[in-house]
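Every number in this text was worked out from the coordinates using simple rules, so none of it is lab data. In this text the structure is predicted, and so the values were computed from the model without any measurement. All Cβ positions, even for glycine, are placed from backbone atoms using ideal geometry, and neighbour counts span all protein chains on display.
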Amino acid sequence: MENKTHWEHIYHTKESTQVSWYQLHPHLSLQYIQNTGVSKSAHIIDVGGGTSTLVDHLLDDGFQHITVLDIAAAALEVARQRLGQRAPSVTWLEADITQTTLLHHEYDIWHDRAVFHFLTKAQDRQHYINTVKEAVKPGGHVIVATFANNGPERCSGLEVARYDPQSLHNEFGTDFELLDSTREEHHTPFGTEQKFIYCYCRKN
């Protein structure tokens with residue numbers, strides 16, 4: 001409940017375009033998703049999607065089965081309002097990814113930009129990874145972006161964990177094959193720079 005209260009407060013007190021992770025066009029996420037080669041009928045989940053515009057672009061691209069999961073109801077409501085008449089075509093899940101259970105082998109693509117690095121407790125990371133194993137289909141795709149090892153040490157008043165591609169892949173283990181990684185210099189709405197890494201894995 002403490003985490004939920006924190007993030008509800010963030011989204012009630014800041015505009016969606018004024019949080020540090022805001023991207024008008026999430027080009028790397030979209031590039032990785034498109035490069036998987038999945039069909040437009042593939043099931044995609046955006047974990048911690050909140051107010052992200054990724055869902056808008058996926059709908060624009062013709063994807064038909066998109067789930068957005070976030071701990072903060074306020075964030076999901078902002079995204080629903082922005083999408084307007086298109087909002088009912090998206091599945092919205094208000095849930096804490098360190099506590100929830102998702103459907104067995106439901107998703108072809110798991111996407112997470114900037115949730116995993118907030119999981120500083122080993123048990124939270126393990127629950128998250130177990131949930132990925134349960135929810136992603138065999139041969140499915142996992143795209144996770146976190147702060148790089150030279151990225152911020154804190155974000156939104158919370159400590160974070162930082163990674164390089166190998167240390168992030170080590171968290172997930174041999175059930176996942178690391179296919180690609182890249183670094184990103186993200187420019188925040190208030191003029192600072194945050195260094196991210198993206199890892200793209202396939203579930204064995």
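Quick look at the values:
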read-out	value
Estimated FRET transfer efficiency (Thr101, Phe190; beta-carbon r; R0 35 Å; 0.05)	0.40
Distance between the range 107-165 and the range 68-87 - C-alpha centres, whole angstrom	21 Å
Potential extension, Asp164-Gln31 segment - 0.36 nm per residue separation minus Cα distance	45.9 nm
Computed label-point distance, nm, for sites Ser41 and Thr174 using a 7 Å Cα→Cβ extension	3.6 nm
Percent RCO, i.e. relative contact order, over the chain, from Cα pairs under 8 Å lying at least 6 residues apart	19 percent
Candidate lysines for bridging to Lys133, where Cα separation is under 27 Å - those fewer than 8 sequence places away on the same chain excluded	Lys4, Lys40, Lys121, Lys203
Theoretical FRET efficiency, 1/(1+(r/R0)^6), r = Cβ-Cβ of Lys121 and Arg202, R0 22 Å, to 0.05	0.25
Sparsely packed trypsin sites (Lys or Arg not before Pro) within the range 77-144, loop by DSSP, other Cβ within 10 Å at most 16	Lys121
Convex hull volume per residue in cubic angstrom - Cα atoms of the chain	108 Å³
Computed [θ] at 222 nm, deg cm²/dmol, the chain (DSSP H ≥ 4; -39,500 (n - 2.57); rounded to nearest 500)	-9000 deg cm²/dmol
